[in-house]
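Only the coordinates and a few stated rules stand behind these numbers; no lab work does. Here the structure is a predicted model, which means the values were calculated and not measured. Cβ placement follows ideal geometry from the backbone for every residue including glycine, while neighbour counts extend to all protein chains displayed.
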Amino acid sequence: MRSITVPYDPDWGYDAAQHPHYHGASLPALTSLANTKGYRLVGTNRFGYNAFYLRDDIALDLIPAVTPAECRNHPIRQSDETIFLSMSHLPFAEVQ
């Protein structure tokens, strides 16, 4: 899974005709940002979006962190690679 985001553009607007998934940031990118702010990924909804994070000082022994890859296993969801390939011609920014 790639850690990427759509580059900032003050004039950008959602355009489903351009590509319906071309917006926001990948789950690895969001998780990386959350980790720098003291939060951990604890899950997503069943389709792998709507991520849930908890502060690292809350219920660590009860609710462990999960990886972005563990959240991407719903059988009807397209693979990240399939989605990315369909929009790979559009600009992305890599996130550390």
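Summing -39500 (n - 2.57) over the DSSP H runs of n ≥ 4 in the chain and dividing by its residue number, what mean residue ellipticity at 222 nm do you reach, to the nearest 500 deg cm²/dmol?
Only helices count here, giving -5000 deg cm²/dmol.
Placing +1 on the Cβ of each Lys and Arg and -1 on the Cβ of each Asp and Glu in the chain, which of Asn35, Tyr22, Ala93 has its Cα farthest towards the positive end of the resulting dipole?
Of the candidates, Asn35 comes out farthest on the positive side.
Picking from Gly48, Thr67, Phe84, whose Cα lies most toward the positive end of the charge dipole for the stretch 22-94 (charges on Cβ: Lys, Arg +1; Asp, Glu -1)?
Final value for the positive-end residue is Gly48.
Mind checking the angle between helix 27-36 and the chain's longest principal axis? C-alpha axes, 0 to 90 degrees, to the nearest 10.
50
Can you give me the distance in nm between label points at Ile63 and Ala93, each placed 7 Å from the Cα along the Cα-to-Cβ direction?
Simple spin-label model gives 2.9 nm for this pair.
Determine, from the Cβ-Cβ distance of Phe52 and His19 and an R0 of 35 Å, the FRET efficiency 1/(1 + (r/R0)^6), rounded to the nearest 0.05.
Values: r = 26 Å, r/R0 = 0.74.
Between Phe52 and His19 the formula returns 0.85.
With a/c under 1.5 counting as rounded, go ahead and sort the stretch 30-70 into rounded, prolate or oblate using the C-alpha gyration tensor (a ≥ b ≥ c being the square roots of the eigenvalues; past the cut-off, prolate if a/b is larger than b/c, else oblate). Intermediate results must be reported in sequence, preceding the final value.
On the way: a/c = 2.11, a/b = 1.31, b/c = 1.61.
Since a/c reaches 1.5 but b/c is at least a/b, the shape of the stretch 30-70 is classed as oblate.
Report the relative contact order of the chain, percent, no decimals, based on alpha-carbon pairs under 8 angstrom and at least 6 residues apart.
Values: 112 pairs, mean separation 34.3, N = 96.
Value for the chain: 36 percent.
For Ile4, which sequence-distant residues (separation of 5 or more, or a different chain) have an amide H within less than 5 Å of its own amide H, given hydrogens modelled in the peptide plane?
Excluding prolines and chain starts, which carry no amide H, the hits are Ser26, Ala29, Val95.
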